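Comments concern the structure below.
The values are calculated or read from the model by the stated rules, or taken from the named source; none is laboratory data. The structure displayed is predicted, hence computed values, not measured ones. Glycine also receives a Cβ, built like all others from the backbone with ideal geometry; neighbour counts cover every protein chain displayed.
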Amino acid sequence: MLRYAPTLLLAAGLAGCAAIPPSEAPPRADNPLLSPSTLDYGLVDFTRLEDRHFLPAMRAGMRQQMAEVEAIKANAEAPSFANTIVALARSGQLLDRSTRAFYALNAADTNDARQAVEAEIGPELAAHLDAILLDPALFERVQAVYAQRAAMTMTPEDAWLLERTHRDFVNAGARLDAASKAQLKQLNQQLTALSTQFSQKLRADTNDSAVLVRDRARLAGLSETEIASLAKAATDAGHEGAYRISLILPTNQPSLARLEDRDLRREIYLASIARGSNGNAHDTRAAMLEMVRLRAQRAELLGYDSHAAVQLVEQTAGSVEAVQSMLGRVIPPAVRNARREAEALQELVYADGQRFKLAPWDWSYYAEKLRTQRYAFDEAQLKPYFALDRVLEDGVFFMAERLYGLRHERRTDLPTYHPDVTVYEVFDEAGEGLGLFIFDPYARPSKRGGAWMNAHIPQNRLEGARPVVGNHLNINKPAGDEPALLTFDEVNTLFHEYGHAVHGLLSDVTYRRFSGTTVPRDFVEFPSQVHEMWVTWPEVLKNYARHVETGEPLPQSLVDKIQAAEKFNQGYASTEYLAASALDMAWHTLSAAQAAQVDDVLRFEGEALDAAQARIPEIFPRYRSPYFAHIFAGGYSAGYYSYIWSEVLDADAVQWFEENGGFTRENGRHFARTLLAPGGSKDSMQLYRDFRGRDARIEPLLERRGFN
């Protein structure tokens, strides 16, 4: 997943205007965010950074950018590409630097002070962006340049910057009358505050919902290493002698595949699906309902039928109808497959001497049993071959070197924000320093759930910036000096997230606006999904998959079984994802009048899943509404479909690699040149055509998922 922060989803290089109180004291000179860092690649000096620095730096950044905007408006020369469009793209460097530092740190290692800053600054940043995009004098200059575009000589990237900048102003409401603009500004500030509220409530409820186990015998099925990790987590949380099972963001929890105690499985599952709807102080439902209503009102104000219609204008899908058509094509076969899988698992329950009906908390456990029966292996056999350090350095980094000519060198001299974080310098094929890669693998209470990539510093030639990117996972940290052993899914996630990272590292654009992963949301997952193909590619796999104790390679017999099992449980995996996608679209295709009538979140959720024919009693959506952070606290509202949309491109691109020799430097060079380096500097589907030579076809995806 790509991590979107409110201030980073900004137009034309603008960094997310409420007037800053004139009485506010100027920021102190010791604030490290006020000037570019002197560390290599401009890395923030985390050893000097204190929570008190964030608000003054971001507010100073807003003042500075507004001064830059005023200078653009006051320019006596006729509006031109250089004095208006490029000047806007260059503006806001201090604000961009300080907001990126804050939101990256707040996601990875929050505390009460940072959450207070988040709540306070969010509405100010939303107002700041509105003050720029809704400024009539500024839009007049942008419009004047846009009107001359046919007669101007520009590079393709320049032309795209002009097109996108103009579109940003129009879509933000620049053509509205004064009263409507005032209403829009208020809606944007309210929505920013509600998103922050949702995020903070969910994080707190997820921490509070961790399941505490007192009897070690109930953990039967888990390895000694896993049990030791749970004991450490409990001790760290002040529960000496107990075992703490933390919840990860999705509905399904990893431990459910191995825990033999059915009552404990049920307890964990119910805790997972109840997050955000427990009726306590951390209940998210009121905040999310208000967000749905305000988003629908904003869409109506902008002249659209729904929030989804607004969002999809900027995506490759283009329309609600296109998304609904795609979901309508893939949901029925996914559900059919899932029902067949449920029948097979129910038979296994009976064969196990049990008489109960298969429940959601049983699925993973019996699916793992069935996988073992059919393919004679389970996840426990694989984990000793997937030690974290080897997967990263001998797997991911090996892949990057062979495909892209990249070399990673650990930098112990550079500061980090947490002891678990590692920094690597990345060198290109010629041995020149390319950028920095920050790696933060372990779960902790101060960290948001899931896995994501941050662009701490986006590459761009205009400002002479080289990339600093970070990958963040939520792997359980082992106790003591034990190595961290990954599940196969976690290995896949590591390769996926590095796909986002290399998108940022190999970026080669002029403008910050187009750097790396700054592409349409329903395109951004595509390059990272392609990188998952290298997990089991023979050359890559044999280089990293070695037994943690003996060093022996993963036996070919297990490799064969992994590959034979690729379509196993795909009905379940597809249905839980597609159900969440349908849920997202249901919330965000409501008109303002319809949204105002919804008063029960869980009832609406059930009705929406029924309408999409995506409800199966044994399978809950990957995210239920009250903990659907992607759409209520991230950048994926009306966009969770993006993963399957991107997978159409991914499956077709994987076919291209297979047809053209696979794991070769030549193929990596072509993929980087046509898809990674251009970032968002070109229409995304044209980028795909540049790579593939044609539009993508859906058939490879249907084959991959067993839908045909």
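Could you go through the range 228-240 and let me know if any residue there is in a helix (DSSP H, G or I) and among the charged types (D, E, K, R). Break it down into steps so the answer makes sense when it comes.
Residues of the range 228-240 in a helix (DSSP H, G or I): 228-236.
Still in the running and among the charged types (D, E, K, R): 232, 236.
There is at least one residue in the range 228-240 that is in a helix (DSSP H, G or I) and among the charged types (D, E, K, R).
Any idea how many residues of the range 543-593 are of a type outside the set (S, T, N, Q) and not in a helix (DSSP H, G or I)? Give the steps one after another, and end with the answer.
First, pick out the residues of the range 543-593 that are of a type outside the set (S, T, N, Q): 544-549, 551-555, 558-562, 564-568, 571-573, 576-580, 582-588, 590, 592-593.
Cutting the leftovers down to not in a helix (DSSP H, G or I) gives us 545-549, 551-555, 565-568, 590.
The number of residues fulfilling the criteria is 15.
Taking Gln346 as meeting all but one of (1) under 30 Å from Phe663 (Cα atoms); (2) buried (at least 16 other Cβ atoms within 10 Å of the Cβ); (3) more than 26 Å from the chain's Cα centre (by Cα), write down the number of the exception.
(1)
Pull up the range 260-294, narrow it to residues that are in a loop (DSSP other than H, G, I, E, B) and hydroxyl-bearing (Ser, Thr, Tyr), then point me to the one that is farthest from Trp363 (Cα to Cα).
Just the residues of the range 260-294 that are in a loop (DSSP other than H, G, I, E, B), to begin with: 260-261, 275-284.
In the following step, the residues that additionally are hydroxyl-bearing (Ser, Thr, Tyr) were identified as 277, 284.
Numbers: Ser277: 23, Thr284: 27 Å.
Applying the filter and picking the extreme gives Thr284.
Which residue is surrounded by the most Cβ atoms within 10 Å (Cβ to Cβ), if the candidates are limited to the range 195-222 and must be closer than 21 Å to Thr235 by Cβ and not aliphatic (A, V, I, L, M)?
Per the stated criteria, the residue is Thr206.
Considering only the range 295-335, state which residues are touching a Phe, Trp or Tyr at 6+ places or on another chain (Cβ under 6 Å) and part of a helix (DSSP H, G or I).
Passing the criteria: Val310, Val323, Pro333.
Does Asp695 satisfy being assigned to a helix (DSSP H, G or I) and either within 30 Å of Thr155 (Cβ to Cβ) or over 25 Å from the mean Cα position of the chain (by Cα) (or both)?
Taking the combined requirement at face value, the residue does not satisfy it.
Is it true that Ala479 is touching a helix residue (DSSP H, G or I) at 6+ places or on another chain (Cβ under 9 Å) and not in a strand (DSSP E or B)? Talk me through it step by step, then tell me what you get.
Values: touching a helix residue (DSSP H, G or I) at 6+ places or on another chain (Cβ under 9 Å): yes; not in a strand (DSSP E or B): yes.
So Ala479 passes the test.
What residue, among those in the range 53-103 that are polar (S, T, N, Q) and assigned to a loop (DSSP other than H, G, I, E, B), is surrounded by the fewest Cβ atoms within 10 Å (Cβ to Cβ)? It would help to see each step written out before you state the result.
Pass one, the range 53-103, residues polar (S, T, N, Q): 64-65, 75, 80, 83-84, 91, 93, 98-99.
Next cut, assigned to a loop (DSSP other than H, G, I, E, B) only: 75, 80, 91.
Values: Asn75: 14, Ser80: 16, Ser91: 23.
Selected residue: Asn75.
Would you tally the residues in the range 99-127 being among the acidic types (Asp, Glu) and either in contact with a Pro (Cβ under 7 Å, 6 or more places away or on another chain) or under 24 Å from Val421 (Cα atoms) (or both)? So that I can check it myself, show each step before the final result.
In the first step, residues of the range 99-127 are kept if they are among the acidic types (Asp, Glu); the result is 109, 112, 118, 120, 124.
Okay, now just the ones that are also either in contact with a Pro (Cβ under 7 Å, 6 or more places away or on another chain) or under 24 Å from Val421 (Cα atoms) (or both), so 109, 112, 118.
Selection size over the range 99-127: 3.
Which one of these is of a type outside the set (Phe, Trp, Tyr), surrounded by fewer than 17 Cβ atoms within 10 Å (Cβ to Cβ) and either outside the structural domain of Arg262 (by TED's automatic domain parsing) or touching a helix residue (DSSP H, G or I) at 6+ places or on another chain (Cβ under 7 Å) (or both): Glu157, Glu163?
Details: Glu157 fails: surrounded by fewer than 17 Cβ atoms within 10 Å (Cβ to Cβ).
Only one candidate qualifies: Glu163.
For the range 455-483, give me each residue that is modelled with pLDDT of 95 or more and among the polar types (S, T, N, Q).
So in the range 455-483, the residues modelled with pLDDT of 95 or more come out as 455-473.
Correct list: Gln459, Asn460, Asn471.
Residues in the range 490-529 that are touching a helix residue (DSSP H, G or I) at 6+ places or on another chain (Cβ under 8 Å) and under 30 Å from Glu549 (Cα atoms): how many?
8
How many residues does the range 334-343 hold that are over 31 Å from the mean Cα position of the chain (by Cα), under 14 Å from Pro360 (Cα atoms) and of a type in the set (Lys, Arg)?
Step one: of the range 334-343, the residues over 31 Å from the mean Cα position of the chain (by Cα) are 340, 343.
So of that shortlist, the ones also under 14 Å from Pro360 (Cα atoms) come out as 343.
Now restrict to residues that are of a type in the set (Lys, Arg): none.
Residues in the range 334-343 being over 31 Å from the mean Cα position of the chain (by Cα), under 14 Å from Pro360 (Cα atoms) and of a type in the set (Lys, Arg): 0 in total.
For every residue, the table says whether it meets (1) under 18 Å from Ala359 (Cβ atoms); (2) more than 28 Å from the chain's Cα centre (by Cα).
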site	(1), (2)
Glu224	no, yes
Ser229	no, no
Ala233	no, no
Gly241	no, yes
Ser246	no, no
Asn252	yes, no
Asp263	yes, yes
Ala274	yes, no
Asp283	no, no
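When you go through Leu414, Leu436 one by one, which is the residue that is outside the structural domain of Val44 (by TED's automatic domain parsing), in a loop (DSSP other than H, G, I, E, B) and surrounded by 17 or more Cβ atoms within 10 Å (Cβ to Cβ)?
Values: Leu436 fails: in a loop (DSSP other than H, G, I, E, B).
Residue meeting the stated conditions: Leu414.
May I ask you to say which residue of Thr225, Thr192, Thr165 is modelled with pLDDT of 95 or more, part of a helix (DSSP H, G or I) and of a type in the set (S, T, N, Q)? Reasoning before the result, please.
On the way: Thr225 fails: modelled with pLDDT of 95 or more; Thr192 fails: modelled with pLDDT of 95 or more.
Within the list Thr225, Thr192, Thr165, the selection yields Thr165.
Looking at Asp283, Asp305, which is the one that is surrounded by fewer than 17 Cβ atoms within 10 Å (Cβ to Cβ) and acidic (Asp, Glu)? Full working, then the answer.
Working: Asp283 fails: surrounded by fewer than 17 Cβ atoms within 10 Å (Cβ to Cβ).
None of the other options fit; the residue is Asp305.
Which residues, taken from the range 594-628, are in a helix (DSSP H, G or I) and β-branched (Val, Ile, Thr)?
Hit for the range 594-628 is Val601, nothing else.
Suppose the filter is in a helix (DSSP H, G or I), in contact with a Gly (Cβ under 8 Å, 6 or more places away or on another chain), at pLDDT 95 or above and not β-branched (Val, Ile, Thr); does Glu401 pass it? Steps first, please.
Numbers: in a helix (DSSP H, G or I): yes; in contact with a Gly (Cβ under 8 Å, 6 or more places away or on another chain): no; at pLDDT 95 or above: yes; not β-branched (Val, Ile, Thr): yes.
So Glu401 fails the test.
Quick one: Pro520 ticks every box in (1) in the same structural domain as Gln459 (by TED's automatic domain parsing); (2) at pLDDT 95 or above bar one, so which box is it?
(2)
So, in the range 241-259, of the ones that are under 26 Å from Phe198 (Cα atoms) and not in a loop (DSSP other than H, G, I, E, B), which residue ends up modelled with the lowest pLDDT? Spell out how you get there, then give the answer.
Residues of the range 241-259 under 26 Å from Phe198 (Cα atoms): 244-254.
With not in a loop (DSSP other than H, G, I, E, B) added as a condition, the list becomes 244-245, 254.
Numbers: Arg244: 97, Ile245: 96, Pro254: 92.
Residue satisfying both the conditions and the ranking: Pro254.
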